Amino acid sequence: MSQPFTISRLLKAPRQLVWDVYTQPQHLPHWFGPKGSNMPHSSLDFREGGTFHYCMRTEAGMELWGQWLIRSIEAPRRIVVLQHFSDPQGGVTRNPWNPVWPLYTQATTTLVEQGDQTLLTIEWSAYEASAEETAQFDAAHDSMNQGWSGNLDVLESYLSLLQA
């Protein structure tokens, strides 16, 4: 069984704003992805059974496609998604850098009000993965922490901009 990767950040924004920025298509290109990347394509059908299909372009110009399969929504508190790498048409593909990465991962994002701030927590784990894939996922927690920390920095900046 996979050891979940967990990261939390106390955001200086009300929960409803964080929820909107996390779930509305006009906001996602402004913050979703590592520092220095951009999102030249995204489509969001935000409902249980819906999808978020996106392309992130790195600073070096590499395009990386991914998709969320939205499993559960408890607005404005919790979202559960299955994630996978994809092709431009939304087909499931392997991680382009790591062929032993799990084909699917599951992420649960929770938003907890703390006064006028919001505690965002992401718990991410391998899903229906082999022992080798699970071990690969578990071994990558330090790298995931670095990547998600940078992504949450971008989210914080975007939230600050919206509240200015």
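Values in this text are rule-based calculations from the coordinates and carry no lab data. Everything numeric in this text was worked out from a predicted model, so none of it was measured. For neighbour counting, all protein chains shown are included, and Cβ atoms are generated from backbone atoms with ideal geometry for every residue, glycine included.
In region 47-121, what chymotrypsin sites (Phe, Trp or Tyr not before Pro) fall in a loop by DSSP, with at most 11 other Cβ atoms inside 10 Å? Counting only loop positions with at most 11 other Cβ atoms within 10 Å, the chymotrypsin sites (Phe, Trp or Tyr not before Pro) in region 47-121 are W97. Counting only the backbone N, which residues of region 102-138 are under 20 Å from the spot 7 Å out from the Cα of Q3 toward its beta-carbon? Only 102-103, 105-108, 122-138 pass the distance filter.
Across the chain, the relative contact order, built from alpha-carbon pairs under 8 Å that are at least six residues apart, equals 28 percent. The ellipsoid that matches the Cα gyration tensor of the chain has semi-axes, each √(5λ) in whole angstrom, of 24, 18, 16, with the longest given first. Just to confirm the number: angle between the C-alpha axis of helix 141-163 and the first principal axis of the chain, 0 to 90 degrees, nearest 10? Compared with the principal axis, the helix lies near 30 degrees.
The slack in the chain from D116 to A164, taken as 0.36 nm per residue of separation less the alpha-carbon distance, amounts to 15.8 nm. Where only DSSP H runs of four or more residues are counted, the chain gives -8000 deg cm²/dmol as its mean residue ellipticity at 222 nm, each run worth -39500 (n - 2.57). The GluC sites (Glu not before Pro) of region 66-129 that meet both conditions, a loop assignment by DSSP and at most 14 other Cβ atoms within 10 Å of the site Cβ, are E128. Applying 0.36 nm per residue to the separation of L10 and S157 and subtracting their alpha-carbon distance, the gain on full extension is 51.6 nm. Of the trypsin sites (Lys or Arg not before Pro) in region 30-120, the ones in a loop by DSSP (not H, G, I, E or B) with at most 12 other beta carbons within 10 Å are K35, R47.
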